[in-house]
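Coordinate-derived values only; no laboratory data. Computed from a predicted model, the values in this text were never measured in an experiment. As a convention, Cβ positions derive from the backbone with ideal geometry for all residues, glycine included, and neighbour counts pool all protein chains shown.
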């Protein structure tokens, strides 16, 4: 079928198999260009492996460290006349590339919050790898059905104490406008957001993996967080999502106690603001990222997801000596974003930005391009007016 982008708000409803394959290959090529990661992981489980930081982590482990990888995610398969999700196509492309390179790669498609998928994953590790030496937790979901209580929790994106008003941009039309977001209606909003995006499920995964004996001695586990600049604090770090991130980061000492007897360690990595399916949904953030991209590109320090994850693995998780941490025990690969010279320039542009000068003062074009790349569009090497085979299978998943 002929697949063109169909967009509704911050969501692209279609994805292109050849374009997503091109995107995956670009990320693989970047990792290969950096050479092998010294003492990198060899058997890796990535929970939330099909897009964004999770996909980039899987690519980095496989092609930077020759690691065997198992990826867990929840994606819609392709069917005749109906394209699959970008994450489905990403994983198919990754597995094909990994297998061609002689690397083990298998995937599990299902609800990672469920005990059923945890058990299925444990069984696969036992059968094929024995144990894993790195667990990456990179789930991004708006909903979670609790495996014990059966309660369905839905996260909300809201400030906590008072309404928040600031600039935002419709990155499709380029219109800059003010947006107001009302605060939470009750503490239940915070509770639900923590239940979905906090550290409980990460803890459940590590506990069950350890009890099953599939964590190697010296295992590492890492989850991803974000802090950002003060201008986004009301809607992000000081909002409901921020409370969930606090909970995630607070899970580290709990996991360290749990892993102590096998010499394991857990980390939270604070990453840079990037165009992802999740970040596109957060008001204010696309405008901030557009300005950030312009400043960082001009300074020659811009990174995408794959550059971030390659640097995390090579210079932090598997660097010679101890992993450098901030005063709260977190890895910081947002260090270039948060440089004073970068943030000063972004703040200056923020005060000046309007619809009329958006193209001149920001990198809105780069934001749009990265957004469409996520779904396999905007690649010059692909003719999107031609038929493509939408029915693409993931080699390791039997449908």
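Averaging sequence separations of C-alpha pairs under 8 Å and six or more residues apart, then dividing by the length of the chain, give the relative contact order as a whole percent.
Once normalised by length, the contact order is 24 percent.
Can you list the equivalent-ellipsoid semi-axes of segment 310-399, largest first and in whole Å, using the square root of 5 times each Cα gyration tensor eigenvalue?
34, 29, 10
Across bins of 5 angstrom width beginning at 0, how are the C-alpha pair distances of segment 123-226 distributed, in whole percent?
Reading the bins upward from 0: 2, 10, 14, 14, 14, 14, 10, 7, 6, 6, 2.
Rank these for me by crowding, 325, 287, 361, 129, going from fewest to most other beta carbons within 10 Å.
Fewest-to-most ranking of 325, 287, 361, 129: 325, 361, 129, 287.
Of 75, 298, 116, which has the largest mean-square fluctuation in a 10 Å C-alpha GNM of the chain?
Highest fluctuation among the options: 298.
Stick to Cα atoms and the Kirkwood definition of Rh, then tell me Rg/Rh for segment 39-185.
Value, to two decimals: 1.08.
Can you tell me how segment 64-136 classifies by the Cα gyration tensor, rounded, prolate or oblate, using a/c under 1.5 as the rounded cut?
Oblate, because a/c is 1.5 or more while a/b does not exceed b/c.
If you stretched the chain out fully between residue 13 and residue 76, how much longer would it get, using 0.36 nm times the residue separation minus the C-alpha to C-alpha distance?
21.5 nm
Roughly what % antiparallel, to the nearest 5, for the DSSP beta bridges in the chain?
Of the beta bridges lying entirely in the chain, close to 30 percent run antiparallel.
Mind giving me the FRET efficiency for residue 182 and residue 383? R0 is 35 Å, r the Cβ-Cβ distance, nearest 0.05 is fine.
The formula returns an efficiency of 0.15 here.
Shape verdict for the chain, please, from the Cα gyration tensor: rounded (a/c under 1.5), prolate (a/b greater than b/c) or oblate.
In terms of gyration-tensor shape, rounded.
Quick one: order 207, 106 by neighbouring beta-carbon count within 10 Å, fewest to most.
Neighbour counts put them in this order, fewest first: 207, 106.
In a Gaussian network model over the chain where Cα atoms closer than 10 Å are linked, find which of 202, 88, 336 has the largest mean-square fluctuation.
Result: 336 has the largest fluctuation of those listed.
Pick from 42, 348, 167 the residue whose mean-square fluctuation is largest in a GNM of the chain, springs joining Cα atoms under 10 Å.
Largest GNM mean-square fluctuation: 348.
What is the calculated FRET efficiency for residue 335 to residue 398, with r their C-beta to C-beta distance and R₀ = 35 Å, to the nearest 0.05?
The value I calculate is 0.20.
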